[in-house]
Amino acid sequence: MISNFETLSFGVVDEIGTLVINRPDKLNALNIQVLRELKGALTGLKSVPLKGLILTGEGEKAFIAGADIAEMKPLEPGEALAFSELGQLVTLAFEALPYPTIACVNGFALGGGFEMALSCDFIFASKNAVFGLPEVKLGLIPGFGGTQRLLKIVGERRAKELIFSGRNITSDEAKNLGIALEVFADKDQLLAEALNWFKTATKNSLMAISRAKFVLGQGLVEERKAFAEIFQTEDMKEGTTAFLEKRKAQFKGKNV
Ligand code: COA
């Protein structure tokens, strides 16, 4: 179960989980404890029946202001490799969840914080959100998958511009670049709209969403296989039959 974490809190409303990074005195910076607890929580999530997950940060000021610089500074190369592997494992675990995930970004999403947000299916931002990969300003590079994920979203040229300059971008620029899907006035509206999004989307076949999520991360071969497999499911029969009978579909398939 997801409890007994010092740096995280977790709650469920209408089968939508909300995972909160809770270290506001350090702007929710990701130290080893937070990363280990995130890894544990993501393992625990496998036994919680959810339709979706929100990731956010405690407080008004920051989503996550990056990996913990004070903890990183003394790391030897071997320890740095382990730190990067741990951060990457967490981002891969977010990506592997079999339901949609939304990063609700309030305030700073810098460095490793931006990278965590990029590993969610999409980002909803509040007006005051600030995104950036400022690692080069510290003599570092992004190490939690940010180079590859940003590249996929904004293309090589813009990814290079953002990573080489280390500059911050506003919520509006993030939306223009396709990084943030929506921008909302404040944190309350941000969380309410994320829940609303799930309310609508999860009326669709959860099983089909989870297959679509899987194939979006794969290639055409996987798409073909999953497309053929889905024809053997009750959800597919129900969805197509309901359309032809001019009624609403009643989906029962699980998001595995
Ligand atoms: N790692 C460790 N501690 C961090 C941190 C990080 N990434 N980001 C913020 N903190 C800590 C500060 O050290 C400070 O701790 P203190 O009160 O014990 O001194 C506390 O969080 C509040 O931050 P502060 O810098 O005082 O807030 P601010 O409003 O003046 O500035 C930021 C906010 C986000 C601009 C600034 O904290 C910052 O630049 N953080 C680092 C961002 C970064 O480079 N991230 C990528 C790391 S690879």
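Miscellaneous remarks
- Answer from E85, E79, E60 - the residue that is open to solvent by 30 Å² or more (accessible area, probe 1.4 Å) and touching a residue at least 60 places away in the same chain (Cβ under 8 Å): E60
- Put simply, of I153, I230 the only residue that is β-branched (V, I, T), within 17 Å of A117 (Cβ to Cβ) and either under 17 Å from the mean Cα position of the chain (by Cα) or at pLDDT below 90 (or both) is I153.
- Only one of the listed residues (K51, K46, K26) is within 15 Å of the chain's Cα centre (by Cα) and of a type in the set (D, E, K, R). That residue is K51.
- Subset of segment 136-162 [over 18 Å from A93 (Cα atoms), within 16 Å of the ligand (Cβ to nearest atom) and either in contact with a Cys (Cβ under 9 Å, 6 or more places away or on another chain) or open to solvent by 20 Å² or more (accessible area, probe 1.4 Å) (or both)]: V136, K137, L138, G139, L140, I141
- Applying the criterion of being more than 25 Å from G59 (Cα to Cα) and outside any helix (DSSP H, G or I) to the residues of segment 88-117, the residue that is most open to solvent (accessible area, probe 1.4 Å) is P98.
- Qualifying positions in segment 244-256 - open to solvent by 100 Å² or more (accessible area, probe 1.4 Å) and at pLDDT below 90: K254, V256
- Looking across A174, A185, one residue alone is at pLDDT 95 or above, more than 21 Å from P98 (Cβ to Cβ) and in contact with a Ser or Thr (Cβ under 8 Å, 6 or more places away or on another chain). It is A185.
- Criterion: in contact with a Lys or Arg (Cβ under 7 Å, 6 or more places away or on another chain), open to solvent by less than 80 Å² (accessible area, probe 1.4 Å) and touching a residue at least 60 places away in the same chain (Cβ under 8 Å) - qualifying residue of L206, L190: L206
- Annotation note: of F227, F164, the sole residue that is assigned by TED's automatic domain parsing to the domain that holds V90, more than 25 Å from K61 (Cβ to Cβ) and not β-branched (V, I, T) is F164.
- Some residue of segment 122-135 being farther than 20 Å from F63 by Cα, in the same structural domain as A67 (by TED's automatic domain parsing) and assigned to a helix (DSSP H, G or I): no
- Selection within segment 1-38: residues that are within 16 Å of the ligand (Cβ to nearest atom), open to solvent by 20 Å² or more (accessible area, probe 1.4 Å) and touching a strand residue (DSSP E or B) at 6+ places or on another chain (Cβ under 6 Å). The member of this set that is farthest from A109 (Cα to Cα) is N22.
- Residue match in segment 90-112 (condition: within 16 Å of the ligand (Cβ to nearest atom), among the hydroxyl-bearing types (S, T, Y) and within 18 Å of L30 (Cβ to Cβ)): yes
The values are calculated or read from the model by the stated rules, or taken from the named source; none is laboratory data. Just so it is clear, the model here is predicted, and its values are computed rather than measured. Using ideal geometry, Cβ is built from the backbone for each residue, glycine included, and neighbour counts are taken over all protein chains shown. Surface areas here come from the heavy atoms of the whole protein model, side chains and all, with no ligands, DNA or RNA. Shrake-Rupley method; radii C 1.70, N 1.55, O 1.52, S 1.80 Å.
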